[in-house]
Amino acid sequence: MEATRKTAIFKNSLFGLVLALLLLPWLEQNEHLFQPKLLGGAQPQTENVPFSIDKWNSAAFQEGQEAYIKDHFGLRPFMVRFYNEVFDRLFGEFQANGVVQGKDGYLFEENYLLATSGQDYLGADSINALVGQLALVQQDLQKKGKQLMVCLAPGKGTFYADQMPAGYKWNGSTGRNHPDFVRALLLEQIPLFDVQTWFMQMKPNAPYPLFPKTGIHWSSYGEYLVADSLIRHIAKLTAKPLPTLQLTSIELDEQPRDRDDDIELGMNLLRNLPDFKMAYPQFKIMPVRDAKKQPKVLVIGDSFFYGMYNWGMMNHVFIGGEFWYYNHERLVPNKPTTYIEDMKNYAAELQKFDVVVLLLTEANFPRFGFEMMSRYLKN
């Protein structure tokens, strides 16, 4: 009799525990009992579909609610991290798209490894044709008193080639985009800021990391060096004054800040991956005496410029400038995002600026220009 009672208590307790676990996500969604760490990366934006008879009859309400609950159920951040952690621990698989782990825990995105290994090589003829188109744009801008320059951002694969997986090593049997683009740009006499070569030259003696271990972009320290040099390049090219950056101090931190662990954040694991100490420059912006003489700057580029845009490059240095992100989103400080495809006259809009900077990392060389040349020359 006693054994039967204990068995009943155990079964009831187990049932209660399972029921509580099943109800926990619902309770969290409605009562917010916990404060789980938010997920990194892009998150679903499904909307909560309101009930109506028409939407019920068409099944739009049911389907909408199913999608909304799937993306917003309680404890979703924890569940996603738990799922990703299990796959990593048991199978060595990352659920983040395109993420590859190299030696010693270094994280890469595959397109950077393809660039380093030459697997995305365009070929000399294609590179010459793209740069030739850019030269036509440059010549037309120069007739109107405008300037154009190219900034080649480095790639993490090339910078940390020794930490890449063996399958992505360059075997020398094919060309690579970076050296051929540099050669073609110099041949066309297009002003060039080759950050990749500069970083590789600095790497042996750099006092702080120029690239992080678990992020894909240049480090905050590297970004500061590039921003300072980019400003000087543009001021020299246009012979017009620009504000300068004045370093006040450098903070060191064992925990990466800003975008220095953006790959890891997008992986959404439960644990924190090992990093190394990173440097964070603190600086102030020194304005020019006559701001009316400053050149108006347009940057057409990828995410390597996003960090500078976020800390206010267009607000405080390239005043009146714009950032055309991937030549798709038109980003202007303190204004809603618009889209390049909606422009009626692309060339006329581009010609409003004194200098146009094309900035991209080697992983985006297959998309060199982001269709800027074809859109400009079409008008």
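Here are the numbers for this structure:
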read-out: All positions within the stretch 226-242 that are out of contact with any Cys (no Cβ under 9 Å at 6 or more places or on another chain), buried (at least 21 other Cβ atoms within 10 Å of the Cβ) and part of a helix (DSSP H, G or I); value: Ile234
read-out: Test: Arg271 is over 15 Å from the mean Cα position of the chain (by Cα) and at pLDDT 95 or above; value: no
read-out: Any pair with Cβ under 6 angstrom, 6 or more apart, that starts in the stretch 131-145 at a residue that is on the phi < 0 side of the Ramachandran plot and ends at one that is assigned to a helix (DSSP H, G or I); value: Val131/Ala184; Val131/Leu185; Gln133/Met373; Leu134/Met373; Val137/Met373; Val137/Tyr376
read-out: Unmet criterion (only one of (1) touching a Phe, Trp or Tyr at 6+ places or on another chain (Cβ under 7 Å); (2) of a type in the set (Lys, Arg); (3) more than 26 Å from Val100 (Cβ to Cβ)) for Arg183; value: (1)
read-out: Matching residues, the stretch 329-355, being surrounded by fewer than 16 Cβ atoms within 10 Å (Cβ to Cβ) and basic (Lys, Arg); value: Lys335, Lys344, Lys352
read-out: Failed item in (1) in contact with a strand residue (DSSP E or B) (Cβ under 9 Å, 6 or more places away or on another chain); (2) at negative phi; (3) not small (Gly, Ala, Ser), with Arg375 passing the rest; value: (1)
read-out: Residues of the stretch 276-307 that turn out to be among the aromatic types (Phe, Trp, Tyr), buried (at least 22 other Cβ atoms within 10 Å of the Cβ) and touching a Lys or Arg at 6+ places or on another chain (Cβ under 9 Å), as a count; value: 0
read-out: Condition met for Ala124 (over 29 Å from Leu273 (Cβ atoms) and of a type in the set (A, V, I, L, M, F, W, C)); value: yes
read-out: The lone exception for Met372 - which of (1) in a helix (DSSP H, G or I); (2) within 19 Å of the chain's Cα centre (by Cα); (3) modelled with pLDDT of 95 or more it fails; value: (2)
read-out: Some residue of the stretch 171-181 being over 28 Å from Phe353 (Cβ atoms) and within 21 Å of the chain's Cα centre (by Cα); value: no
read-out: Residues of the stretch 203-225 classified as more than 23 Å from the chain's Cα centre (by Cα) and either closer than 19 Å to Asn111 by Cα or surrounded by fewer than 14 Cβ atoms within 10 Å (Cβ to Cβ) (or both), total; value: 3
read-out: Residue check for Pro281: in contact (Cβ under 8 Å) with a residue 40 or more places away in the chain, in contact with a helix residue (DSSP H, G or I) (Cβ under 9 Å, 6 or more places away or on another chain) and assigned to a strand (DSSP E or B); value: yes
read-out: Filtered residue count, the stretch 313-341, keeping only those that are in contact with a Lys or Arg (Cβ under 8 Å, 6 or more places away or on another chain) and in a helix (DSSP H, G or I); value: 1
read-out: Among residues of the stretch 198-225, those that are outside any helix (DSSP H, G or I) and of a type in the set (Phe, Trp, Tyr), counted; value: 3
read-out: Residue count, the stretch 196-220 (criterion: free of Cβ contacts under 8 Å to residues at least 60 places away in the same chain and either closer than 24 Å to Leu141 by Cα or basic (Lys, Arg) (or both)); value: 1
read-out: Flag if Leu186 is surrounded by fewer than 21 Cβ atoms within 10 Å (Cβ to Cβ), over 25 Å from Val317 (Cβ atoms) and of a type in the set (A, V, I, L, M, F, W, C); value: yes
read-out: Matching residues in the stretch 154-183 - criterion: being hydrophobic (A, V, I, L, M, F, W, C) and either surrounded by fewer than 20 Cβ atoms within 10 Å (Cβ to Cβ) or more than 17 Å from Ile127 (Cβ to Cβ) (or both); value: Phe159, Ala161, Met164, Ala166, Trp170, Val182
read-out: Identity of the residue in the stretch 246-268, in a loop (DSSP other than H, G, I, E, B) and under 16 Å from Val226 (Cβ atoms), that ends up modelled with the highest pLDDT; value: Asp260
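The values are calculated or read from the model by the stated rules, or taken from the named source; none is laboratory data. Everything numeric in this text was worked out from a predicted model, so none of it was measured. Because the Cβ atoms are built from the backbone with ideal geometry, glycine has one as well, and the counts that use them run over all protein chains shown.
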